[in-house]
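The structure appears right after this line, and notes come after that.
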Amino acid sequence: MSRLAMAIDSERIRKDFPILSRTIRGKPLVYLDNAATTQKPNQVLESLRTYYQRHNANIHRGVHTLSTESTQMVDAARDKVAKFINAPKSETVIFTRNATEAINLVAYAWGRKFLTPRDEILLTEVEHHSNLVPWQILAQEKGARLRFVPVEADGSVSVETARRTITPKTKLFAFTAASNATGALSPVRELVDLAHENGALALIDGAQWVPHFKTDVQAWNADFLAFSSHKMLGPTGIGVLWGRESVLEEMNPFLGGGDMIQEVWLERSTYNVLPYKFEAGTPNIADVVAFGAAIDYLSALDFAELRRHELELTRRTIEILRNEGEITLYGPEDLEKRGGIVSFNVADIHAHDVGQIFDAEGVAVRVGHHCCQPLMRKFRVAGTARASFYVYNTLEEVEAFGRALKKVKEFFKVKSHA
Amino acid sequence: MPEGDAELADLYRDVLIDYYRSPSHKGKLETPDFHSHGVNPLCGDEVELTMTKDGEKIGQVRYAGHGCVISQASTVMMAEALEGAEFGRAKVLIENFRDMLLRNAPISGLPEELEEAKALEGVRKFPVRIKCALLAWNTMKLGLDQGPRKAETAEYKESER
């Protein structure tokens with residue numbers, strides 16, 4: 001079997017994920033909705049249980065043993081995340097609720113302090129609503145202007161087009177490293193350089209990148225990176241904002257409260273150092289710890305092999321779709337320019353109907369606008385169906401996807417014109 | 001038949017797919033007495049209803065927009081059920097249909113005008129799809145409640161939950 005050629009041993013890996021042995025409507029679960037959220041291995045579930053069973057206490061300012069242990073566990077998780085993205089310092093890793101909150105943090109704590117009505121924020125047309133709406137709110141409040149890099153026909157972002165859109169007024173260029181709607185990968189380093197050449201900061205939405213590709217914020221020379229734990233085997237409720245230390249230092253705090261202060265008087269306060277300045281209140285301790293376990297799991301994988309694995313699944317999926325006919329595919333033709341995401345429509349069948357048939361076959365795909373309504377308008381569709389892969393998916397599952405696809409066409413009597 | 005296939009066949013009865021592909025009632029009336037527009041932001045489905053008044057009765061009903069099999073078939077079934085109905089009766093039929101989907105009302109109790117629409121009962125087993133089936137009916141209800149006013153379009157929006 002061709003699977004043997006892969007260094008990612010999905011069959012062994014699958015044993016770590018109890019949910020993958022579930023059946024759905026009488027059929028084995030084929031989970032292809034990893035761009036929305038991934039499943040969690042026993043190691044992550046076990047770390048949650050162990051944390052609550054043995055260590056649970058509030059962090060900081062505790063002298064008792066449990067508090068000290070909990071504090072150390074959060075610190076250790078922060079160190080793991082920092083290493084995973086090659087952050088120069090652990091203090092530049094800030095825990096948030098999710099990637100969305102990380103981006104909102106920048107809009108709030110950086111944008112409200114530094115943006116003026118003369119300034120512009122540059123985005124792209126492919127952005128997830130989480131990297132669009134916070135900037136709309138900020139721009140409205142500040143009277144600043146939003147500009148958008150037009151998307152290429154294949155859903156990708158090009159440096160040349162971005163170069164024509166950026167202006168000397170651009171104060172921040174916020175863009176996705178990998179599109180959740182089409183899988184298109186962005187030329188991250190080139191876009192960061194372009195931002196810097198124009199005196200702007202660069203914020204990278206890494207929600208679809210960090211789980212799948214080696215990430216090095218220093219090699220990117222980025223200023224901000226946002227991503228979520230739950231898309232990389234970790235629990236929901238934890239996200240990360242990484243920021244360049246000098247930029248984080250000059251920003252306002254985010255939320256006010258405990259932990260983010262140094263000294264408090266009735267009328268004023270001084271703020272804590274990084275990262276605590278941005279982490280008010282009791283954090284989501286248990287999930288941070290479990291996120292650390294997810295990072296451990298991922299760190300044991302060879303990411304070059306993970307990429308090869310996902311590319312193989314993507315290649316076969318696209319082949320099946322092409323052979324089937326009556327399919328519209330979105331995203332770059334060149335597989336090297338896309339991640340493990342395949343977005344498509346079947347003839348004139350609504351994506352929700354497609355998704356329903358897939359579900360009856362036990363195959364979980366996402367359908368709809370993928371939180372990218374402007375991009376869907378550009379493609380002139382209400383939505384698409386989307387399969388997205390991760391480390392535990394197999395070529396057999398892609399074949400199950402193919403059977404479900406055939407069923408969609410039979411069920412809705414789609415005629416082949418080929 | 002495997003469990004999933006049986007439920008699926010119950011959801012997408014053949015008659016629904018026929019209705020989905022049928023051109024019946026498609027379009028937009030030039031001079032409608034009632035005009036309402038509904039969207040389901042969750043899935044982007046959209047329906048625009050135009051309708052004429054024939055004395056105390058509903059005259060013609062036309063729909064434009066786009067949506068899934070469930071929403072499109074339900075829209076055509078609604079148009080068929082309501083054309084020619086007295087306004088008071090139309091409101092009762094809309095409530096009967098809503099009761100079937102939202103309150104699990106037994107289909108044996110549904111009036112004969114909703115005979116075809118009974119084919120949508122399978123939607124009850126798929127709670128996330130109930131909104132698809134209700135979009136046109138809720139949009140129609142809003143249009144009727146607003147009354148005949150040519151200048152304004154009644155705007156209906158499904159909530160996210």
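The values are calculated or read from the model by the stated rules, or taken from the named source; none is laboratory data. Keep in mind it's a predicted model, so treat the numbers as computed, not measured. Here Cβ is always computed from backbone atoms with ideal geometry, including for glycine, and neighbour counts include all displayed protein chains. Each accessible area value is taken on the protein alone, full model and side chains, heavy atoms only, with ligands, DNA and RNA left out. Shrake-Rupley method; radii C 1.70, N 1.55, O 1.52, S 1.80 Å.
Remarks
- Computed [θ] at 222 nm, deg cm²/dmol, the protein assembly as shown (DSSP H ≥ 4; -39,500 (n - 2.57); rounded to nearest 500): -11500 deg cm²/dmol
- Axial C-alpha extent at least 15 Å, average Kyte-Doolittle at least -1.0 - helices from chain A (DSSP): A:65-84, A:285-299, A:303-324, A:395-411
- Prolate/oblate/rounded label for segment B:87-146 (Cα gyration tensor, a/c 1.5): oblate
- Measuring how big chain A is from its alpha-carbon positions, Rg and Dmax come out at 22.1, 75 Å.
- Virtual spin-label span in nm between A:Arg164 and A:Glu319, 7 Å along Cα→Cβ: 3.7 nm
- To the nearest 10, the accessible area of A:Glu91 is 80 Å² with a 1.4 Å probe.
- Residue of A:Pro18, A:Pro332, A:Pro235 that the Gaussian network model of chain A assigns the largest fluctuation, springs spanning Cα pairs under 10 Å: A:Pro18
- Here the gap between A:Ala7 and A:Ser21, fully extended at 0.36 nm per residue and compared with their Cα-Cα distance, gives a gain of 2.8 nm.
- 20 Å cut-off, amide nitrogen to a point 7 angstrom out along A:Arg403 Cα→Cβ, residues in segment B:1-38: B:1-10
- Share, in percent, of DSSP beta bridges within segment A:45-299 that are antiparallel, nearest 5: 45 percent
- With the whole protein complex present, B:Leu142 retains an accessible surface near 60 Å², based on a 1.4 Å probe.
- Förster-model FRET efficiency, 30 Å R0, B:Val128 and A:Arg112, C-beta, rounded to 0.05: 0.20
- Taken over segment B:3-155, the alpha-carbon convex hull comes to 103 cubic angstrom per residue.
- Residues of segment B:64-80 falling in the label zone of B:Arg13, defined by backbone nitrogen less than 13 Å from a point 7 Å along Cα to beta-carbon, are B:74, B:77.
- For segment A:292-418, relative contact order (Cα pairs under 8 Å, six or more residues apart, normalised by length) works out to 29 percent.
- Centre-to-centre separation between the Cα atoms of segment A:228-263 and those of segment B:45-111: 51 Å.
- The GNM of chain B, with springs linking C-alpha atoms under 10 angstrom apart, assigns the highest mean-square fluctuation among B:Ala136, B:Ala105, B:Ala79 to B:Ala105.
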